[in-house]
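Each remark here refers to the structure printed beneath this line.
The values are calculated or read from the model by the stated rules, or taken from the named source; none is laboratory data. This one's a predicted model, so the numbers in the text were calculated from it and none came from an experiment. Cβ placement follows ideal geometry from the backbone for every residue including glycine, while neighbour counts extend to all protein chains displayed. When the accessible area is computed, the model is the full protein with side chains, heavy atoms only, and any ligands, DNA or RNA have been set aside. Shrake-Rupley method; radii C 1.70, N 1.55, O 1.52, S 1.80 Å.
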Amino acid sequence: MNIKVIRIINIVLPIGVYYVITGIVYYLMEGFVTSGDASYMLRQTVACAVTVPFMWRYFAADTKRLKDTGRYGRSPGLKELIADGTLALIAAAFLGAALNNILAMTPLMEVSQGFAEANQAFFGGRVIFELLGSCLIIPVSEELLYRGVVYRRVRALLLNAEVAAEDAVSVAIVPAMFISSAIFGLVHANLVQFLYAALLGVLLAFLLEKTNCIYICILAHIAANLVAVLRESTGFLAFAYEPTAAGIAATAAMCLVGGAAVWYLVRQYRRRRER
């Protein structure tokens, strides 16, 4: 079988495993808790928690393979981990909030039946499960899968063995970011969540590329989801969802803060490479 076909199968396989496991656990949970929106996040949280060991196994195997071939890259030290993690948290929190604002200012949320149903199910239960699931368990499982496995496997697929290592990586990075992020968006199954997840996925893949640390991606994903959940639960900055002067100004300010964090992270990355 052609090596590229095998690599494509290896990209799809862990995604399939993830959704088979979550589907089975989600279905079995219906025998223990009431069905409907009230228990949706509880069932989703438990289902995603069960996938974590499986996704970690894929991630650890790929990491070992990269290390064995000398393509793993440099891991950040403790100080760099703290600095990069802080910048990633700020970038994801502010840019994620700005993206939510922009989507809310369009008619997409009103016309998307799929988004309305997903949003109702998501916020239909207790806040504790939204926090535990969306702001902890789900980011861990999704980052291990989509950035730790899918992104790196897509990048490996795009690498050209005939090009020098540094050039090959630079050629593969951007397409791999967008392809893996498009896959991440598509599994959310409605246009609003597709756009949000795909664009956030590009940022998360970018963070993995610059920091070489999956934990920073997980932290950034948690930050973006936490801000979204807290805003929905408390009504904080609700005015920024409206296409008014105040809403547009607040969104622009969020973009500037998040963009500045990304810029400084890139600057730090370049300094380290020059040492």
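Results, tabulated for the structure shown:
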quantity: Potential lengthening between I6 and L230 on full extension [0.36 nm per residue; Cα-Cα distance subtracted]; calculated: 76.4 nm
quantity: Pairwise FRET efficiency - A253 versus Q113, Cβ, R0 = 35 Å, nearest 0.05; calculated: 0.60
quantity: Share of carbon and sulfur in the accessible heavy-atom surface of the range 99-240 [1.4 Å probe, %]; calculated: 68 percent
quantity: Size of electric dipole in the chain: Cβ of Lys, Arg +1 and of Asp, Glu -1, about Cα centre, debye, nearest 20; calculated: 1180 debye
quantity: Range in the chain, longest, excluding exposed chymotrypsin sites (Phe, Trp or Tyr not before Pro) [loop by DSSP; at most 13 other beta-carbon atoms within 10 Å]; calculated: 33-235
quantity: Proximal aspartates and glutamates to K67, defined as alpha-carbon separation beneath 14 angstrom and excluding residues fewer than eight positions away on the same chain; calculated: none
quantity: Two-site label geometry, A260 and S35: point separation in nm, points 7 Å out along Cα→Cβ; calculated: 5.1 nm
quantity: The chain: most fluctuating residue of T22, T51, T34 per GNM, C-alpha cutoff 10 Å; calculated: T34
quantity: Positive-pole candidate from M109, Y72, I128, dipole of the range 1-131, charges at beta carbon; calculated: Y72
quantity: Unit charges on C-beta of K, R, D, E only; dipole of the range 1-107, Debye; calculated: 560 debye
